[in-house]
């Protein structure tokens, strides 16, 4: 029995095909929530590069971390954001389009190649959502990050049948 | 005569019960406005921790300011943002939900405990709006802030009958 | 033959009257897009102060760049954002209102007069769109910027007949 086209093309199946597993979405913390829906849009809170509370990428890209680790940090932050979208939408096929990616990066003084690090998030989004992953983005660098994490990622996703 | 349930539960009455007075909303400055409504959402501009133009919290949290002062700065920035929401909506009971809190903080080098400072904004929002205060949030630190203020807060609020 | 009122008051005619030419909008880069429409809103990606790929303003306002150059950088970033809006909307008269301006600035340590630099973007938006240019704004400073650019600008624009 071969999978249907729908199964092949679902974001979940693309994640599996890439050997990726969505982290368990970080739950509501004391005083804010990981996502909210307003109208047809899901907005996530800032997502750290962690799995089950274990922060995998700490410190500054360009000194503590290599460019490749910066790329991987952004990819993992985005994977956590996708886990939040799935929690919010139930099924990632409900995502009509990723509208915006916001990435805040922790970089060493003088390191200006951070857009390549955020490509770790953009590439993942395009791989997982295909045409629906076509997104705008905004990049920031900040001098200090929560828990000294390497990256924070926010996603906005338009859903089909809000 | 006892107040009605509606009066008890209004955001305005919760503010009073907490002994808080909304600052006079800062008016339109020369070339931008303090809030705008699009569809069912009110978006504020960045709000400083001031009252009647007097900036109460200047400098960097973790050196010039204590953690508690950082918390209080974020609370006051959020109080100013709520004042803008009231100006925009007329009555805070029209707020269906606070969708997003954006907080930019002015912190000393190496100070990474700034999420606790932004809790000053989150706690206030939850106290004032109850279940409708359940919000996503994104945190930033910036090396230089307007007027060297300690915090800038933006709120997005969904309104009921836009 | 005199121009009609509509011609006089179109954003395109105001640009011409101010002697401004919209830069060719930077096309889609490898893995993200310069604008997206969701509902009735156009969101742009971050726009650099460049023309045809030539970055005109690099470095930090307050040391490498004068305050006036900071103003001009923000103006040029906003001009690029308006070029994206025109590409998205076809005709700038379809813009009902500019809802939000986001400006990230590259400033020298201790330089806190950056809101005046972002006025370069706000002033242009007001000049080009008139009453429809009345916008909220949020300002950031970042320690490192892509290509060491002086400014990044994002615009959100509500369109009339989405």
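Every number here is computed from the coordinates shown, using simple stated rules; none is lab data. Here the structure is a predicted model, which is why all the values come from computation and not from measurement. Don't worry about glycine lacking a Cβ; one is built from the backbone with ideal geometry, like all the others, and counts go over all protein chains shown.
Each other copy places its own label point for residue A:27 at 5.0, 5.0 nm from this one, sorted shortest first, where the point lies 7 Å along the Cα-to-beta carbon line.
Between chain B and chain A, with a rotation axis joining them, whose C-beta in B is nearest that axis, and what is the whole-Å distance? In chain B, the Cβ lying nearest the symmetry axis toward A is B:143, 3. Helix B:67-89 and the long axis of chain B differ in direction by around 40°, with both axes built from C-alpha atoms. By the beta-carbon count within 10 Å of each Cβ, the least crowded to most crowded order of A:147, C:85, fewest first, is A:147, C:85.
For the protein assembly as shown, the share of DSSP beta bridges that are antiparallel, to the nearest 5, is 70%.
Residues considered: B:124, B:56, B:101. Largest GNM mean-square fluctuation over chain B, using C-alpha springs under 10 Å, is found at B:56. Placing a label point 7 Å from Cα along the Cα-to-Cβ axis, residue A:109 is separated from the same position in the other copies by 0.6, 0.6 nm, shortest listed first.
Residue exposure proxy: C:140, C:71, ordered by other Cβ atoms within 10 angstrom of their Cβ from fewest to most, comes out as C:71, C:140.
Taking each DSSP H run with n ≥ 4 as -39500 (n - 2.57) and averaging over every residue of the protein assembly as shown yields -10000 deg cm²/dmol at 222 nm. Between B:12, B:102, B:144, the Gaussian network model of chain B with springs among Cα atoms under 10 angstrom shows the greatest mean-square fluctuation at B:144. Look at the Cα gyration tensor of the protein assembly as shown: its axes a ≥ b ≥ c give a/c under 1.5, and that counts as rounded.
The fewest-to-most ranking of A:51, B:98, B:42 by surrounding Cβ atoms within 10 Å reads A:51, B:42, B:98.
The stretch B:84-110 and the stretch C:89-128 have Cα centres separated by 21 Å. According to the Kirkwood relation over distinct C-alpha pairs, the hydrodynamic radius of the stretch B:1-151 is 15.9 Å.
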